[in-house]
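Some notes on the structure that comes next.
Each value in this text was obtained by applying a stated rule to the coordinates, not by laboratory testing. Please read all numbers here as calculations on a predicted model, not as lab measurements. Here the Cβ positions follow ideal geometry from the backbone for every residue, glycine too, while neighbour counts run over all protein chains shown.
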Amino acid sequence: MRIPYSIVGVICAAIYLPFGIWVVQDELRHSGGGWINLRGMGTTLATAPSQLTLGNLLRMLGVPKVNYNAPGVAGYLELVLHLALTALVVYCLGAGLEWIARRVTG
């Protein structure tokens with residue numbers, strides 16, 4: 001299957017990527033939270049499509065979840081993969097919206 005070039009998809013992915021990177025690095029940088037710690041929740045929400053697909057596949061293969069206190073090389077690599085896969089999903093959604101708009105407008 002060939003992924004078509006889409007300017008709307010590129011724009012959507014270009015808007016998502018800095019946001020996703022900021023969320024991930026913010027959660028890795030801040031370790032506070034007091035008695036309740038929701039560290040990792042923002043990353044899970046920002047990379048939800050990837051967490052539901054690649055994340056579940058990795059868990060079935062026995063790869064442990066990312067430790068946000070000390071991610072290590074494997075943790076950083078997993079976070080980069082989640083960001084890249086989610087950016088691809090956002091691109092495809094933008095391409096789909098562009099395709100629909102082109103079909104509707106003629």
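Please find, among L97, L81, the residue that is touching a residue at least 24 places away in the same chain (Cβ under 8 Å) and surrounded by fewer than 15 Cβ atoms within 10 Å (Cβ to Cβ).
One residue alone meets the criteria, L97.
Free of Cβ contacts under 8 Å to residues at least 60 places away in the same chain, assigned to a loop (DSSP other than H, G, I, E, B) and surrounded by 11 or more Cβ atoms within 10 Å (Cβ to Cβ): which single residue out of Y68, Y76 fits that description?
None of the others qualify; the one that does is Y68.
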